[in-house]
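Step one of this worksheet: look at the structure below.
The values are calculated or read from the model by the stated rules, or taken from the named source; none is laboratory data. As the structure is a prediction and not an experimental result, all values here were calculated from the model. Cβ: placed from backbone, ideal geometry, glycine included. Neighbour counts: every protein chain shown.
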Amino acid sequence: MEKYILIIGACGQIGTELTLTLRERFGNEHVVASDIREGSESLMNSGPFEILDATNYDALEEVLAYYEISEVYLMAAMLSATAEKFPMRAWNLNMNSLFNVLNLAKEKKIDTIFWPSSIAVFGPNTPKENTPQNTIMEPSTVYGISKQSGERWCEYYYNKFGVDVRSIRYPGLISWKTMPGGGTTDYAVEIYHKALNQGSYTCFLKEDTSLPMMFMDDAIKATLQLMEAESESIKVRSAYNLSSMSFNPSEIAKSIQNHIPDFKIAYDPDFRQAIADSWPSSIDDSEAQKDWNWKPEFDLDRTTETMLENLKS
Ligand code: AKB
């Protein structure tokens with residue numbers, strides 16, 4: 001049977017690339033993009049689009065019925081830096097949108113859900129290096145608290161109601177098609193834009209702050225691999241650890257200097273430093289490797305090459 005897919009938050013950093021990839025794979029008409037605002041031309045012109053607020057249960061139910069949707073990717077969220085400024089708005093968006101899709105799946109109006117978690121579920125008491133799948137999780141940020149609660153609810157809906165919900169703890173994501181917005185790892189995208197446009201960048205994190213990161217192509221590949229895996233092989237119903245590389249601002253600057261020798265970086269840490277300090281610096285993703293054969297393809301230098309090449313053109 002042909003399936004119809006809904007992407008919520010389709011105009012964001014992950015949503016845009018996910019929508020375009022799913023449209024290539026399943027056909028444009030089979031992938032409905034939705035967001036609270038319109039997105040890039042390539043997204044708007046390649047298939048159906050709906051203005052949709054994911055916290056509005058009735059509106060969501062209507063879109064599901066109209067397009068006969070069976071699979072939902074809920075990518076709408078307020079990220080770590082913005083969530084610290086608007087805690088209640090972040091909680092409302094991040095939790096109520098999730099409850100809406102979980103409850104609609106419980107009512108059998110959705111078959112499968114993808115919901116993104118984050119390395120932000122970990123906190124200052126979590127082991128920092130090679131952070132295991134199961135460990136101390138005491139997030140100290142608004143965003144992290146919402147993601148950790150979300151993970152608990154996903155696992156609960158799976159165990160209690162058989163809802164087929166799947167999730168990944170994304171690291172910081174690096175992409176050239178759409179800018180990220182409101183995250184702590186956003187510096188690793190901004191730096192490429194500034195390197196090309198201005199030849200210099202002032203980083204809001206300290207030079208030795210190492211964080212787990214991933215190039216977008218790997219993140220999309222992982223997401224589709226998880227969604228295509230047989231239900232029985234998915235042993236983790238909270239969210240999977242996922243890893244490809246870790247680096248700090250001085251290391252990404254050096255990687256850029258291999259292509260733009262005059263590139264200069266300065267450091268002026270702000271409130272985002274405390275968020276970054278509370279997160280792991282590297283992640284153990286052996287469960288994802290074991291359960292659905294996860295293997296990344298992009299390291300820092302390949303990421304730098306691809307980012308500079310695409311942003312230049
Ligand atoms: C953020 O920085 O808030 C996000 C994340 C790590 O989930 N990119």
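Key figures
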item	result
Subset of the range 148-179 [assigned to a loop (DSSP other than H, G, I, E, B), β-branched (V, I, T) and within 17 Å of M227 (Cα to Cα)]	V163
Test: residue in the range 199-221 that is loosely packed, with under 15 Cβ neighbours inside 10 Å and either in the same structural domain as K147 (by TED's automatic domain parsing) or at pLDDT below 95 (or both)	no
Single residue of the range 180-194 satisfying the filter (more than 20 Å from D301 (Cα to Cα) and either modelled with pLDDT of 95 or more or assigned to a helix (DSSP H, G or I) (or both)) that is farthest from the ligand (Cβ to nearest atom)	G182
Residues satisfying the stated conditions in the range 112-147, i.e. away from the ligand (no atom under 16 Å from the Cβ), free of Cβ contacts under 8 Å to residues at least 60 places away in the same chain and not in a strand (DSSP E or B)	N125, N134, T135, I136, E138
Some residue of the range 285-299 being polar (S, T, N, Q), within 16 Å of the ligand (Cβ to nearest atom) and either under 22 Å from Y192 (Cβ atoms) or in contact (Cβ under 8 Å) with a residue 60 or more places away in the chain (or both)	no
Residue selected from the range 148-176 under the condition under 18 Å from the mean Cα position of the chain (by Cα) and of a type in the set (A, V, I, L, M), by the criterion nearest to the ligand (Cβ to nearest atom)	L173
Residue that is out of contact with any Gly (no Cβ under 6 Å at 6 or more places or on another chain), more than 16 Å from the ligand (Cβ to nearest atom), touching a residue at least 40 places away in the same chain (Cβ under 8 Å) and among the small types (G, A, S), where the choices are S70, S97	S70
Condition met for K106 (within 26 Å of H30 (Cβ to Cβ), surrounded by fewer than 23 Cβ atoms within 10 Å (Cβ to Cβ) and among the charged types (D, E, K, R))	yes
